[in-house]
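In what follows, a single structure is set out as structure tokens and then discussed.
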Amino acid sequence: MTNQQNNVFIDPNDAALLLIDHQSGLFQTVKDLDVPTLRRNAIALARLAKVTNIPTITTDSVPSGPNGPLIPEIKEILPELVYVPRNGEINAWDNPNFVKAVEATGKKL
């Protein structure tokens, strides 16, 4: 059966979670919801990935700069996540290591 026939929106067996720029400093720039809600949402995604065994890849741009590091709760929940640092690339897909990490999940792109 296809996902559509099962009425399943996301199949954990064919999903990967890509958390791009979930950095503490960047959370302050989001204006469509408050920072505590944004943080809770990111934590909920990490917990969902944990209980469903969805591979998770995270990347950030210059964590030692003003954007800050990845929020620590994500790494605490998912210590096995794959972290791919970026060297200033704005678009994560411009980083060949990020693309390789996504491809290594074996999930469809």
Positions within the range 49-82 being touching a residue at least 24 places away in the same chain (Cβ under 8 Å) and part of a helix (DSSP H, G or I), in sequence order: 49, 50, 52, 73, 74, 77
Conditions: (1) touching a residue at least 40 places away in the same chain (Cβ under 8 Å); (2) more than 20 Å from residue 15 (Cβ to Cβ); (3) touching a strand residue (DSSP E or B) at 6+ places or on another chain (Cβ under 8 Å). Residue 85 meets all but one. Number of the miss? (1)
Checked the range 50-94 for anything crowded, with 19+ Cβ neighbours inside 10 Å and of a type in the set (S, T, N, Q); matches are 56, 58, 59, 61
Tally of residues being modelled with pLDDT of 90 or more, part of a helix (DSSP H, G or I) and among the small types (Gly, Ala, Ser) across the range 1-44: 2
Cβ-Cβ under 9 Å pairs, at least 6 apart or on other chains, the range 96-109 side assigned to a helix (DSSP H, G or I) and hydrophobic (A, V, I, L, M, F, W, C), far side at pLDDT 95 or above and surrounded by fewer than 14 Cβ atoms within 10 Å (Cβ to Cβ): 99/93; 102/93
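The values are calculated or read from the model by the stated rules, or taken from the named source; none is laboratory data. Note that the structure is predicted; figures quoted are calculated from it, not measured. Backbone-built Cβ (ideal geometry, glycine too); neighbour counts: all protein chains shown.
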